[in-house]
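Step one of this worksheet: look at the structure below.
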Amino acid sequence: MESNSVVKIFEEIGRLLELKGENPFKSRAYYNVARTIRSMGEKRLRDLAREDRLKEVEGIGEAINDKLKELLLTGFLPYYGELRESVPPGLHDILLVPGLGPKKTWMLYNTLGISTLDELESACKENRLAGLRGFSERSQKNILQGIGHVRNSLGYYHYGMALGLANILMEGLGAHVGFGQVNLAGSIRRCREVVKDIDLVAFAGNPAKMTAFFAGLSQVAGVIALGETKATVRLHKGIKADLRVVKEEEFPFALHHFTGSKEHNTALRQRAKTMGLKINEYGIFKGEELLSCRDEQELFATLDLAYIPPELRENLGEIEAAEKGVLPDLVEEKDIKGIFHIHTTSSDGINTLEEIVYFCRETGYEYVGITDHSISAHYAGGLSVEELLGQVEEIEGLRGKFPELAIFSGVEVDIRTDGSLDYADEVLQKLDFVIASIHSGFRMTREKMTERLVRALSHPQVTMLGHPTGRLLLEREGYPLDLERVLLAALEHGVIIELNANPARLDLDWRHLKRAKDMGVLVSINPDAHSLQDFSDIKFGISIARKGWLEKKDVFNTLTRQEVEAYLLNRKRS
């Protein structure tokens, strides 16, 4: 089992123990182990489990060691399953409602017998929560909104998690001698931020053999449907996966059909019709004649269009742009020259400053920007003024040790509710750059939240706006704001907008990235890394940037070291 999956299971065990009112030290132990696992590399964790050396890791006692080893080596943990079964299943959904942690959820279950989202919704509408300790009429209203968000999110999965599973499935199929080509399709290939299932398209000489092999992969928990050319399965993670096997000559057409959104495919069919052609998953036809295409490039060329990258196939102007030959030259991962928004052990990161700098140098980056949390973020180990200035000195010392890498001193400073920043101006002036972010006070009116952000963006020391809408995918909607005004303020004051590459955020949304591009607002693709492992999240940010039509020229951290140094220096002087 992958380390990310183990982390989530141990975090859930902690929540379930807390929910049941177990000893808080017991639940905290699982939370702590989850954090420890997150900091380890996949290989080291697995090696320690095989060698039975997990107990050497601080915080892993005998009981947790046995459970962790069992889960890592077998992929199953009966204790976890029994714990889940001991709690009414509906409580798992209630725990997803923002503002309802384990203690409040258990209290509602014990006092009002609420064990499902429907029962919680009824209780809120009947005003039965307002009299309970810790609840009010306002909190009832917020809970009702949260229930709606949970219902809309159930059955969806983060793009990053789904992509990882899809790649494993394709590796499994690709390892079988005799099978033809297999490719991602559907919403994952279009890089949607959340997806409902995994779509794969393939061709093979023996389709029935391929679908049977697919249904027998170790990642499959159950088979929903199995036929000669199609198989639908459910994976152990809960997500469904579909495999369609077609003839080799049909492959480009099937791949295109099962990749494009419904709207894109409809628009393309209409275009084909005006040309006297018909297009579907089996081919492009002129009357009864099949027009052969070796790949998707030839498919689009047959319709007098430039090749449309999969990320853009949403019918949001890509067909018209392809017709005119003005599609964007989308940014690629190789274009990224450096990384900003990195947390160290000084706040809530798990790697030291020097470890991060060494990693960035070995990775080949030209620069790195360090941004621990500011003082108000006490829950994340926010830095005092003295600690921040101490880190500036430490960075200065490392510059001599790592001359081939530019190390920029910065901070992720909290934007207070009135739009002011968490440090005095004279402190911020000592830094190379500043990322301003909101971490609290989400429940403001649209007008007040917008004013809060606009004021922060007008501060001369602010270089970037971090995770601009504050959304957490499948957990929390972004705070209400007039994003057009925020983007205009960023443009006016020369502030860079962050595309937070964390797969749970992917904020700014790709739809708004296209607007930012059109306005001329510069974007920085940042991993918001709290560990070395998080640096790889940059690839998810690249996918969303491409989906938002961003080119290399639209992205700040595609600039060279010299260009970034000059930009930040000029910004400080202005």
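The table below gives the values:
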| read-out | value |
| --- | --- |
| Exposure rule at most 10 other beta-carbon atoms within 10 Å, DSSP loop GluC sites (Glu not before Pro): the chain longest free segment | 405-574 |
| Loop trypsin sites (Lys or Arg not before Pro), region 94-172 (other Cβ atoms within 10 Å of the site Cβ: 12 or fewer; DSSP) | Arg133 |
| Restricting region 206-306 to chymotrypsin sites (Phe, Trp or Tyr not before Pro) in coil, as DSSP defines it, with at most 15 other Cβ within 10 Å | Tyr282 |
| Total charge dipole magnitude, the chain, about the Cα centre, Cβ charges on Lys, Arg, Asp, Glu only, Debye to nearest 20 | 1260 debye |
| Fraction of beta bridges assigned by DSSP in the chain that are antiparallel (%, nearest 5) | 45 percent |
| Neighbour-count ranking [beta-carbon atoms within 10 angstrom, fewest first] of Thr345, Thr450, Thr371 | Thr345, Thr450, Thr371 |
| For region 157-246: rounded, prolate or oblate by the Cα gyration tensor [a/c cutoff 1.5] | prolate |
| Relative contact order of the chain, defined on C-alpha pairs under 8 angstrom at six or more residues apart (%) | 10 percent |
| Using a Förster distance of 51 Å, the FRET efficiency for Gln270-Lys103 (Cβ separation, nearest 0.05) | 0.40 |
| Cross-link reach list, lysines versus Lys552, counting only Cα pairs under 26 Å and skipping chain neighbours closer than eight places | Lys324, Lys334, Lys337, Lys514, Lys517, Lys539, Lys572 |
| Neighbour-limited loop hits for chymotrypsin sites (Phe, Trp or Tyr not before Pro), region 15-122 (at most 16 other Cβ within 10 Å; DSSP other than H, G, I, E, B) | Phe76 |
| Spin-label model distance (nm) - Glu355 vs Arg399, 7 Å beyond Cα toward Cβ | 2.5 nm |
| Label corresponding to Cα extents along the principal axes in Å when calculated from the structure given, among (i) 141, 51, 42; (ii) 76, 60, 57; (iii) 94, 49, 48 | (ii) |
| Calculated from backbone phi, Karplus (6.51, -1.76, 1.60) coupling profile of region 304-311 in Hz, x at Gly/Pro | 6, 10, 5, 4, 9, x, x, 4 |
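No value in this document is a laboratory result; all are computed from the given coordinates. As the structure is a prediction and not an experimental result, all values here were calculated from the model. Reconstructed Cβ throughout: ideal geometry from the backbone, glycine too, with neighbour counts over all protein chains shown.
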